[in-house]
Amino acid sequence: MTTTEIKTNDRTTAPATTVRTNTPTTKATTTATPTPRLDFAKTAPKVFRAVIGLDAAARAGLDPILVELVQIRASHLNRCAYCLHMHTTDARKAGESEDRLHMVAVWQEADHFFTDRELAALALTDAVTRIGEVGVPDEVYDRAAAHFPEEELAHLLALIFTINTWNRIALSTAKRAGTDER
């Protein structure tokens, strides 16, 4: 089996990307961040504004720290470095501690870092983000419903839907962590 390396470079935003291809019969593997693709906000501005509107409506009435914890957790699960960087930065600005930020990825083993309400939100985030695996189990939904009044629960669900959408936009368009311009 031979290996061919191809280097590409986007002059505006991305460092050189190395793609290793095993030839002749195996498929290519990428070993670095891909070159950014289309600018979704510029290419589909109405859709982008609609997602921003959904995001703003979802956040309404929710604790800003809880919002960031949910967005960080979904971004972990979806492996979205762009959103993870953005939301950990936003959480720090909102006063979140480094200890808790480091524990979001392992919240089930570090439950003493979080309130029961936050744990219920993180469990719901896991279930909704991984919905294709087993759906949203009744016990997870019931746990969240016990900590959030119905309207707040609806907003929490909408927030989880929204961050999953943002993760998919960022991953599909190859957004690079640390390039958020807000």
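Compute the projected area of the convex hull of the Cα atoms of region 43-105, averaged over all viewing directions, and report it in nm² to one decimal place. Don't jump to the answer; show the numbers that get you there.
Values: hull surface 19.0 nm².
Mean projected area of the Cα convex hull: 4.7 nm².
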If you project the alpha carbons of region 40-182 onto the principal axes, what extent comes out on each, in Å, largest first? 41, 30, 30
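Whole number in Å², please: accessible area per residue of region 94-182, 1.4 Å probe, ligands, DNA and RNA not counted. Intermediate values should be presented prior to the final figure.
Details: 4820 Å² over 89 residues.
I get 54 Å² per residue for region 94-182.
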Express in nm, to one decimal, how much length is gained between VAL47 and ALA60 on full extension, taking 0.36 nm for each residue of separation and deducting their alpha carbon distance. 2.7 nm
What are the radius of gyration and Dmax of region 101-182, computed over its Cα atoms and given in Å? 14.2, 40
Sequence of SER97, SER172, SER75 from largest to smallest accessible area, 1.4 Å probe: SER172, SER97, SER75
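Just to make sure I understand: if all protein chains stay in place, what is the order of TYR141, TYR82 by accessible area at 1.4 Å, largest first?
Details: TYR141 95, TYR82 30 Å².
Result, largest first: TYR141, TYR82.
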Please give, to one decimal in nm, the separation of the simple spin-label points placed at ASP39 and VAL106, each 7 Å out from Cα toward the Cβ. 4.1
On the protein heavy atoms, probe 1.4 angstrom, tell me the percent of accessible surface of region 80-137 carried by carbon and sulfur. 55
Accessible-area order for PHE161, PHE114, largest to smallest, probe 1.4 angstrom, reads PHE161, PHE114
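Express in nm, to one decimal, how much length is gained between GLU150 and THR115 on full extension, taking 0.36 nm for each residue of separation and deducting their alpha carbon distance. Walk me through the intermediate numbers first.
Values: separation 35, 0.36 × 35 = 12.60 nm, distance 1.91 nm.
My answer for the length gained is 10.7 nm.
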Taking the Cα of ARG79, stepping 7 Å toward and past its beta carbon, and measuring to each backbone N in region 142-182: which are under 13 Å? 171-172
ALA177-LYS93 pseudo-label distance in nm [points 7 Å out on the Cα-to-Cβ vector]: 1.9
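The values are calculated or read from the model by the stated rules, or taken from the named source; none is laboratory data. Computed from a predicted model, the values in this text were never measured in an experiment. Cβ coordinates were reconstructed from backbone atoms using ideal geometry, including for glycine residues, and neighbour counts include every protein chain displayed. Just so you know, the surface numbers come from the protein's heavy atoms only, side chains and all, with ligands and any DNA or RNA stripped out. Shrake-Rupley method; radii C 1.70, N 1.55, O 1.52, S 1.80 Å.
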